[in-house]
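Everything below concerns the one structure shown next.
What follows draws every value from the coordinates through simple rules; no lab data is involved. Here the structure is a predicted model, which is why all the values come from computation and not from measurement. Neighbour counts run over all protein chains shown; Cβ positions are idealised from the backbone, glycine included.
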Amino acid sequence: MSCQAVLVLPGSAQSAALGEVEVGKPGPGQVLARTLRVGICGTDAEIDRGEYGEAPPGAERLVLGHESLLRIEGTGQLAVGIVRRPCPELCPNCASGRWDMCTTGDYSEHGIRRLDGFLRERLVIAADGLVPVPDALEPVAVLVEPLSIVEKAIAEAWAIQARLKWAPKRALVTGAGPVGLLAAYALRQRGLDVWVVDQRPPGSPKAEAVAAVGAHYVDDIDKAGAAFDIAVEATGYAPLLFAASGLLARNGVLALTGVTSGHHTVSVDANALNADMVLENQVIFGSVNAARAHYEQAVADLGDWVKRWPGATERLITARHPLADFRAALGKSPDDIKTVVEVGG
Ligand SMILES: [Zn+2]
Ligand SMILES: [Zn+2]
């Protein structure tokens, strides 16, 4: 049996195209699943530009897509695919289920690196690479994967701050893309006063998404105030890293979750940055990917949000395209938040 998929030729630009792939039969420890929908993010666009991505061993092409919502054949269980798989050497972190902290760097990732992704109608997947989702969350569960990135960064921040008696009150989020907005929602849920900075004008859909959960939106970081106990940088635009670190409170923590390719030169008073970090016990750390526990936390938090803020989480999905029209999903407008490809019903 074969099915339709979006395939890319890693390293070459604008190569994404519909094609046929073999589905295969599930072996021991594997299940057959149907893809309901797939979220698209900057990583997919980067892979389509030929800047990133690696085909599975022995293959020329890679099936795109890593933000999944699947239905398992037979049981009918809804599930989200965990993006990363452990390194073959099973380093100490991979061996203990923390492949997001893989030491060797030899991990593989669905739709990104050495493993086919989810932009296909059907697939065979390892059962231990799935996180179950209750049916009630079907409308929003495609957000589990990007939210897992946020859950990890927040869990890391809280783990780091176990170094002191910490009662965070003020949070800063730079960037109102999906990761920034999901971070804002997660920090509001945890009772913080949240300030989100983005370039879109007040009244734009991103600003409305911020207001929907009682957070504050500003279109200039200078309007956000200061003394933030926690900051989450979600743009990857490095100058914001320095701007955000300058707004941290004493003992504050800044999580970096974004990357931008290319170069950007910015002049920084390195002595002042050093002095602030030393004299105010500040921490800046980077965070990528997520482990199973973070996906599970994402499922739990989404369940909370749909009750706490009716309609708000659903509205983060701003555009839907059928599989045949996947290319429209790869190029998004500045007011789009999360674009999804509807693969199958
Ligand atoms: Zn993504
Ligand atoms: Zn590893």
List the lysines whose alpha-carbon lies under 25 Å from that of Lys25, not counting same-chain residues fewer than 8 positions away?
none
Going by how many other Cβ atoms sit within 10 Å of their own, how do Val259, Val283, Val38 line up, fewest first?
Val259, Val283, Val38
Tell me which residues come under 5 Å, amide H to amide H, from Asn251 once H is placed; ignore anything under 5 positions away on its chain.
Asn281, Gln282
When a/c is below 1.5 the answer is rounded, else prolate if a/b is larger than b/c, else oblate, so apply that to segment 148-286 with a ≥ b ≥ c taken from the square roots of the Cα gyration tensor eigenvalues.
oblate
Output the peptides 12-24, 92-104 sorted from most to least packed, where packing is the average of other Cβ atoms within 10 Å over each peptide's residues.
92-104, 12-24
Charge sum, other residues only, whose C-beta stays under 14 Å from Pro134's C-beta, Lys/Arg counted +1 and Asp/Glu -1:
-3
Taking Lys and Arg as +1 and Asp and Glu as -1, residues besides Glu73 with C-beta under 13 Å from its C-beta add up to +3
Counting only residues 5 or more apart in sequence or on a different chain, those whose built amide H sits under 5 Å from that of Arg320 are Val340
What percent does the relative contact order of the chain come to when contacts are Cα pairs within less than 8 Å and at least six residues apart?
18 percent
When Thr318, Thr235 are ranked with the fewest other C-beta atoms within 10 Å first, the list becomes Thr318, Thr235
How high is the relative contact order of segment 148-286, in percent, counting Cα pairs under 8 Å that sit 6 or more residues apart?
22 percent
Using +1 on the beta carbon of Lys and Arg, -1 on that of Asp and Glu, and nothing else charged, what's the dipole of the chain about the Cα centre, debye to 20?
580 debye
When the Karplus curve 6.51 cos²θ - 1.76 cosθ + 1.60 is applied with θ = phi - 60°, which whole-Hz ³J(HN,Hα) does each residue of segment 73-79 get, with x for Gly and Pro?
5, x, 7, x, 5, 7, 7
What is the sum of charges around Leu115, taking Lys and Arg as +1, Asp and Glu as -1, for the other residues whose C-beta is under 13 Å from the C-beta of Leu115?
+2
Within 10 Å, count the other beta carbons around each residue, average over each peptide in 203-209, 149-155, and list them highest first.
149-155, 203-209
Ordered by fewest other Cβ atoms within 10 Å, a rough proxy for footprinting exposure, Thr75, Thr174 read Thr75, Thr174
Measuring from centroid to centroid over Cα atoms, what is the spacing of segment 244-284 and segment 1-80 in Å?
37 Å
Amide H contacts of Val196 (H built 1.01 Å from N, under 5 Å, at least 5 apart or other chain)
Val173, His216, Tyr217, Val218
Between 0 and 90°, nearest 10: helix 292-308 axis offset from the chain longest Cα axis:
70 degrees
Principal axes of the chain: Cα extent on each, largest first, Å:
62, 43, 37
Here segment 82-97 yields Karplus 3J(HN,Hα) values (6.51, -1.76, 1.60; θ = phi - 60°; whole Hz; Gly and Pro given as x) of 6, 5, 9, 10, x, 5, x, 6, 6, 4, x, 6, 4, 5, 9, x
Explain nothing, just compute: Karplus ³J(HN,Hα) = 6.51 cos²θ - 1.76 cosθ + 1.60, θ = phi - 60°, for every residue of segment 238-245 in order, whole Hz, x for Gly and Pro.
3, x, 5, 4, 6, 4, 5, 5
Among DSSP bridges having both ends in segment 35-182, what percentage is antiparallel? Round to the nearest 5.
80 percent
Please tell me which of these pairs span more than 26 angstrom C-alpha to C-alpha: Lys165/Lys307; Lys307/Lys332; Lys169/Lys206; Lys307/Lys338?
Lys165/Lys307; Lys307/Lys332
